Amino acid sequence: MRDDQRRDYDEQELRVGDHKNSAAGVTGVAVALKRSFREMGIVRSAETLRELNQAEGFDCMSCAWPDPAPGHRHAAEFCENGAKAVAEEATRDRVTPEFFARHSIDDLAQHSELWLGKQGRITHPMVKRPGATHYTPIEWDDAFALIGEQLRSLDSPDEALFYTSGRASNEAAFVYQLFARAFGTNNLPDCSNMCHESTSIALQESIGIGKASVTLEDVHHAELIVLQGQNPGTNHPRMLTALEKAKRNGAKILAINPLREAGLVNFRNPQTPRGVVGRGTDLADLHLPIAVNGDLALMQAIGSLLVEWDALDHDFVREYTTGFDDWKQHVRNVDWDEVIAATGLSRQAITEAAQMFRRSKATVFCWAMGVTQHRNAVATIKEICNLAFARGNIGRRGAGLMPVRGHSNVQGDRTMGIWERPPQHFLDALEKEFGFDPPREHGFDTVDSIRAMRDGKAKFFLGLGGNFVQSAPDTVVTAEAMSGIDMTVQISTKLNRSHLVCGETALILPTLGRTEKDVQASGHQFVSVEDTECSVHASRGPLEPASEHLRSEVSIITGIAEATIGDRYGLQWKAMRDDYANIRSHISRVVPGCEGYEVNVRRPGGFILPHPPRDTRTFQTKTGKAEFAVSPIEVVQVPPGHLLLQTLRSHDQFNTTIYGLSDRYRGIEGGRRVVLMHREDIAAAGLDPGDIVDLFTRWDGDERVRCAHRFRVVEYDVPRGSAAAYYPETNPLVPLDSTALESNCPTYKSVVISIAPTGTRSSDCPDVGGMQKVGSDWSHKTHPQPEHLS
Ligand SMILES: Nc1nc2c(c(=O)[nH]1)N[C@H]1C(S)=C(S)[C@@H](COP(=O)(O)OP(=O)(O)OC[C@H]3O[C@@H](n4cnc5c(=O)[nH]c(N)nc54)[C@H](O)[C@@H]3O)O[C@H]1N2
Ligand SMILES: Nc1nc2c(c(=O)[nH]1)N[C@H]1C(S)=C(S)[C@@H](COP(=O)(O)OP(=O)(O)OC[C@H]3O[C@@H](n4cnc5c(=O)[nH]c(N)nc54)[C@H](O)[C@@H]3O)O[C@H]1N2
Ligand code: SF4
Ligand SMILES: [Mo]
């Protein structure tokens, strides 16, 4: 984009219309194609989309929803948001060295995340030297040498952080963790720490494995599907096709969500005549508009009714579980007043939901960020497991636990060892395969990495994808921490905030994306990925790379490894780079369930990893049984005059990558700085819809007031006492220390805020998460306290 075409996307007019009662339909197709044609051109769009999610094609890089078996795929096996993700990556726009010469870092920092992303694909490796105002080009080998030198100069390997975002392939993830551990650290934070970490912890304790026990086939054959804290119409759109199929087979759907999201209500499948001209398929049979953070109480109340009705699978409970009597005793004593206060639901509505569980012999429990990003998230997920156990809904056709993962390969990255707390058996296998003793003590997760940078304990940050500064909580603290370290390196496809809020020396290493051909010394390479149902398969990009200077993630990581530790321990970096089959050969011997990896992953549709509870009702927990857990009901207390804010995704973004300003299903167009509030809460705060307000939060642990400025009040159907606003604009409000118990996942879905009209309260808070005021000045460490918070 030329300078004279530059415009600030966020200055556009905000329009609020009605929110929709139906998802997808032909509008979705039209929007997807329009975006694709604009970014990629018509011919390239047609060629690329034809290969998306096909057995011989490439895996959608957007979400982790599984593909149907190879014989059951449509010619167009993708959704609107998958097509948008492809268009975003396969764009014809370019960010070149001339672009960086034209724009100083400070200049770029004035722009929104949307504008940055829209500039196109980065074409050359770039460096910002200490004190420099601009990025300048650097040769690949010089970049690797600079990084190697920096890493070797650290006092300890634990001063380095190796972050991963969930788009990296299994091959890239495997060499990345191998490098970090051979270098000497388990500091492998990843986006999972902010996402389904609560799930991984809870499931590990309850069923002995942190993954879904459900396949796509199970979804199709379920009698009841619970959609809890999830917005599938936007974030996993092809899930609606599976839900439609399940409905046709007679399934009921229970939606538990503070918002009546369009994708929970009705689906107009653009691939069927009924979806094009008819009224589509009604999805949820019952929607419980739960108060934010009320899920733990709700699940216990449902449990108490099942116990009261003796609607239990006694055989399953006896044979496969432990802890049942304690749980039964606990839920019997559930305090209904507490439940009703915590959930905002009537006893009648909860009873109706419990009847749905009682009537179903095969229930699939789905959940996502509305469950995982709360202080009580781990307890809530264990409670979901309790309900599954109570009626034997695990290891049975049409039933099971289905955390719906986010990033397309976030699950595969974990399987490959991207984990700051690797299990001993994984480290033992690495030792056996490579002949060195990997570090055994735990590394830093995401939140602890921020603390380590802030406190001078970490001095080097390498990001394998992602946009750490924007996705992490407490933007001011994170930005200060990142900009205070010696070196930040980002392996990226597109420009983002983390290139601009950077260390003293900063590098941008541009990489191939999923859509692109990857040719190495031995020829054309493919990579492998794992979806949310543990299915592992190959992905081959069809397009010519965006620039001849790009390197693959594997190539970049092995290059850094060579420049840092050379051939320490006899590690064969070049062989792994030249032919990824060499990496897969290591994977087959190190990663459990991956024996015969090369052969299995090459099969059309790949293979499904073993899952003991799903396959044989075997539970590798401490007791060898599925474990009922007992948790006291804990709910976030919201003082008078405050609201509980959840931060969520619009229909037009992928995490911190903003595609556009159209949250179509919610009827919000042309802007993102909105706060959705209940009519009576707006009135109680003395506000009117359309008012411009600032949001504030204070965390008990410190005196700092966090704020985010200039949000427009939008009247919306949210439960009283709660509010909703988009991520990442609201990340400055999420206190670093406010995390889920056990999992340390930031509480992005429950932030206690207060609201005041803009300009009426302390206005000197830096708004670094916002789009306007990002600069090099992070000077506001503490602010005077606005009176309304004291
Ligand atoms: N197009 C697109 N696809 C994506 C992404 C994207 O940004 N864009 N992101 C990917 C990633 S990394 C992830 S993790 C997933 C995220 O997928 P989701 O988890 O669906 O994403 P969120 O927008 O965070 O939506 C959370 C939902 O939880 C509800 N919710 C909030 N608080 C509560 C609560 O206390 N209880 C209950 N029951 N519900 C609550 C919200 O109203 C909202 O509907 O999507 C993945 N797919
Ligand atoms: N307030 C709030 N904050 C949240 C959340 C929330 O719900 N609310 N959700 C959390 C969740 S669930 C997640 S998963 C995190 C996401 O956090 P991240 O994973 O850190 O963020 P993304 O926005 O997904 O990363 C986007 C960047 O990845 C780079 N990229 C894209 N494709 C590729 C590729 O193929 N290779 C490489 N190397 N780079 C690529 C691009 O440069 C792009 O700018 O955010 C978390 N933050
Ligand atoms: S459902 Fe997810 S993986 Fe499938 S095409 Fe849509 S965005 Fe891609
Ligand atoms: Mo995520």
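Laid out as a table, the results:
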quantity	calculated
Members of segment 139-188 that are out of contact with any Pro (no Cβ under 7 Å at 6 or more places or on another chain), in contact (Cβ under 8 Å) with a residue 40 or more places away in the chain and of a type in the set (S, T, N, Q)	150, 164, 165, 169, 170, 177, 187
Residue count, segment 676-728 (criterion: part of a strand (DSSP E or B) and at negative phi)	24
Residue list for segment 616-660, filter: within 16 Å of ligand 4 (Cβ to nearest atom) and polar (S, T, N, Q)	646, 647, 650, 653, 655, 656, 657
Subset of segment 396-430 [away from ligand 2 (no atom under 16 Å from the Cβ), part of a loop (DSSP other than H, G, I, E, B) and touching a Phe, Trp or Tyr at 6+ places or on another chain (Cβ under 8 Å)]	417
Residues of segment 234-259 that turn out to be within 17 Å of residue 356 (Cα to Cα) and either part of a strand (DSSP E or B) or away from ligand 2 (no atom under 16 Å from the Cβ) (or both), as a count	11
Check on residue 623, in contact with a helix residue (DSSP H, G or I) (Cβ under 9 Å, 6 or more places away or on another chain), part of a loop (DSSP other than H, G, I, E, B) and of a type in the set (Val, Ile, Thr)	no
Residue list for segment 389-405, restricted to those being more than 21 Å from residue 741 (Cβ to Cβ) and surrounded by 24 or more Cβ atoms within 10 Å (Cβ to Cβ)	389, 390, 393, 394, 399, 400, 402, 404, 405
Set 735, 728, 719, 689: member being outside the structural domain of residue 451 (by TED's automatic domain parsing), surrounded by fewer than 18 Cβ atoms within 10 Å (Cβ to Cβ) and modelled with pLDDT of 95 or more	689
Where residue 183 falls short, out of the listed (1) under 20 Å from residue 587 (Cα atoms); (2) among the aromatic types (Phe, Trp, Tyr); (3) buried (at least 24 other Cβ atoms within 10 Å of the Cβ)	(3)
Selection count where residues are more than 30 Å from residue 80 (Cα to Cα) and either buried (at least 18 other Cβ atoms within 10 Å of the Cβ) or not acidic (Asp, Glu) (or both), scope segment 598-653	35
Matching residues, segment 459-478, being surrounded by fewer than 24 Cβ atoms within 10 Å (Cβ to Cβ), hydrophobic (A, V, I, L, M, F, W, C) and not in a strand (DSSP E or B)	476
Cross-chain or 6+ apart pairs with Cβ under 8 Å, segment 713-727 first and within 16 Å of ligand 4 (Cβ to nearest atom), then assigned to a strand (DSSP E or B) and hydroxyl-bearing (Ser, Thr, Tyr)	726/647; 727/647
Tabulated pairs, segment 55-75, first over 17 Å from residue 601 (Cα atoms), second of a type in the set (Val, Ile, Thr) and more than 16 Å from ligand 1 (Cβ to nearest atom), C-beta under 9 angstrom, 6+ apart or interchain	61/515
Strands (runs of 3 or more DSSP E) lying entirely in segment 486-564 (those with 3 or more residues that are closer than 26 Å to residue 131 by Cα and either away from ligand 4 (no atom under 16 Å from the Cβ) or hydroxyl-bearing (Ser, Thr, Tyr) (or both))	487-492, 505-510
Single match in 38, 102, 94, 73 (criterion: closer than 30 Å to residue 562 by Cβ and away from ligand 1 (no atom under 16 Å from the Cβ))	94
Residue ID - farthest from the chain's Cα centre (by Cα), chosen from residues in segment 626-664 that are within 16 Å of ligand 3 (Cβ to nearest atom) and part of a loop (DSSP other than H, G, I, E, B)	660
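The values are calculated or read from the model by the stated rules, or taken from the named source; none is laboratory data. Because the structure is a prediction, the values reported are computed rather than measured. Note that each Cβ is placed from the backbone with ideal geometry, even for glycine, and that neighbours are counted across all protein chains shown.
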